[in-house]
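Nothing in this text is a laboratory measurement; each read-out follows from the coordinates by a stated rule. Predicted model, so just to flag it, every value in this text is computed and none were measured. All Cβ positions, glycine included, derive from the backbone under ideal geometry; neighbour counts span all protein chains shown.
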Amino acid sequence: MIGLGVMGQNLARNIERNGYSVAVYDRHAEVVDAFIARHPGKQLFGFHSPQEFVASLERPRKIILLVKAGDPVDWTINLIKPSLEPGDIIIDGGNSYFKDTERREKELQTTGMFMIGSGTSGGEKGALLGPSLMPGGDRGAYEQIRPIWEAIAAKVPDGPCVTYIGPGGSGHFVKMIHNGIEYGDMQLIAEAYWIMHRGLGLEVAELADVFAEWNRGELESYLIEITAQILRVKDPETGKPLVDLVLDKAGQKGTGKWASQIALDLGVAIPTIDAAIVARNISAQKSERVAAAKQFSAPASSEPVGNKQDLIAAVRDALYASKICSYAQGMNVIKAASDQFGWNINLSETARIWQGGCIIRAKFLGLIKEAYLRQPELVNLLLNDEFRARIDRSQASWRMIAAHAIKMGLPIPAFAASLSYFDLYRSANLPLNLTQAQRDFFGSHTYERTDKPDQGFVHTEWEELLAKQKES
């Protein structure tokens, strides 16, 4: 293990607990010594030089990197590469960009070594107790680490939360999209919380009960569970709900942005995930938002129609329907990338390994797993019978809650994006006929006629035709 941040330390402890001896190295010798000292009697062995570290390992060597993505990964590989031999395996367990992983894999292949890009989700606790693992790269190299990966992964009833994703950078790609879905999930939950808090007037303690109740039903998930817990915590100094004292500026590490960028490149729409990224970006502009709030008046308050419990149930339905759209978008990006890069990713297996260990683990994923198991070529989760029926049951509530929030001036970018995505997808006809006519008008980009589909693409001289029509 190279890199003894919290994730590296916890993953090393997880591997050791499952019966393997682990050599550890960090460029800060004192970090290595402190880690070994905290865990006496364990099969953990610290080294102060990369050469001694590499020499201690049985061949073929299996070296896990848990360092910051980007240049630090290249720097670390170059540090140990002179001491490695053909057949050795480097496993990048961080959040590297998938194309960087593929570049590194090709560079290592020239010397007979292997690179496994393994997405790792679950945070600090997951690394220690069992993460969800998404390894990609050479299949033979993966088979050599598979017993370790299956031992340390989270476990669900149908197996360990790890599967071979595919060749190249597919493992890091799937982790990147996982993180994009995570962004969408978190934003949708935040909007549900805000609608009920600001729109329906629920106190924080009431909201904690609502989320706890939701976590006992179809919305059961890690993020809903921790939301209920967060809302119960009081600040020791003031006695106020601690969440009310948290500054509303959300950070991000870039994987969500990568997900949006690659989706654009692949021509796949992921508006819910995009909206979550936009929300985080605007949240960072705190001083501007405070100034703008003084310049614009809020809409006149309007009371929602219905009793409180019915309205809470409507928010739940809107959240569930929006989640279906968000996950559909994420799975579509994975499918598009798999097709383009020849990865042959199993979407059912991808959903299965997300059921435990990872941040987006949820009851909901079992349904997604089954949907793709029954229909491997399912083009969109919205067309799965169960999800289609669930959205049909949610439509009225979904639209009512979105309209109420907009009327009150509550920002709901992810809810609105999900609903618009659904309406776009279910519409046999869209106003883009006008867009295509505009493109042909100013740029001669041509268009197809609905009444003459066999004619192919045609161009119209719109101004000339309009002039003739005026003359007649």
Added length on full extension, which subtracts the Cα-Cα distance from 0.36 nm per residue, LYS249 to SER427: 60.4 nm
Option label - semi-axes √(5λ) of the Cα gyration tensor in Å computed here, alternatives (i) 43, 31, 21; (ii) 106, 32, 17; (iii) 42, 28, 21: (i)
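Share of antiparallel DSSP beta bridges in the chain, in percent to the nearest 5?
Of all bridge pairs located within the chain, approximately 45 percent are antiparallel.
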Listed peptides 250-259, 59-68, 441-450, 351-360 by packing density, highest first (mean Cβ within 10 Å): 351-360, 59-68, 250-259, 441-450
Length added when fully stretched, ASP71-ALA29, from 0.36 nm per residue minus Cα-Cα: 13.0 nm
Distance between modelled label sites at ILE282 and GLN395, nm, 7 Å Cα→Cβ extension: 2.8
Normalised per residue, the volume of the convex hull around the Cα set of region 241-316 (Å³): 186
Using alpha-carbon coordinates, inclination of helix 98-109 to the longest axis of the chain, degrees: 30
Scattering profile of region 38-90 at q = 0.17 Å⁻¹ [log10 I(q)/I(0), Debye over alpha-carbon scatterers]: -0.60
Sites ARG216 and HIS48 - FRET efficiency at Förster radius 56 Å, r taken between beta-carbons, to 0.05: 0.65
Two-site FRET efficiency, GLN375 against GLU471, from Cβ-Cβ distance with R₀ of 60 Å, rounded to 0.05: 0.60
Spin-label pair GLN261/THR111, simplified geometry with 7 Å Cα→Cβ offset, distance in nm: 2.7
Principal-axis tilt of helix 139-152 within the chain, Cα atoms, nearest 10 degrees: 90
Cα-based helix-to-principal-axis angle, 271-283 vs the chain, degrees rounded to 10: 80
Projected label distance in nm at LEU57 and ASP209, using a 7 Å step from Cα toward the beta-carbon: 5.5
Modelled FRET efficiency - R0 51 Å, THR435 with ARG146, Cβ distances, 0.05 increments: 0.55
Most positive-pole-ward Cα, PRO86, SER260, LEU410, against dipole of the chain from beta carbon charges: LEU410
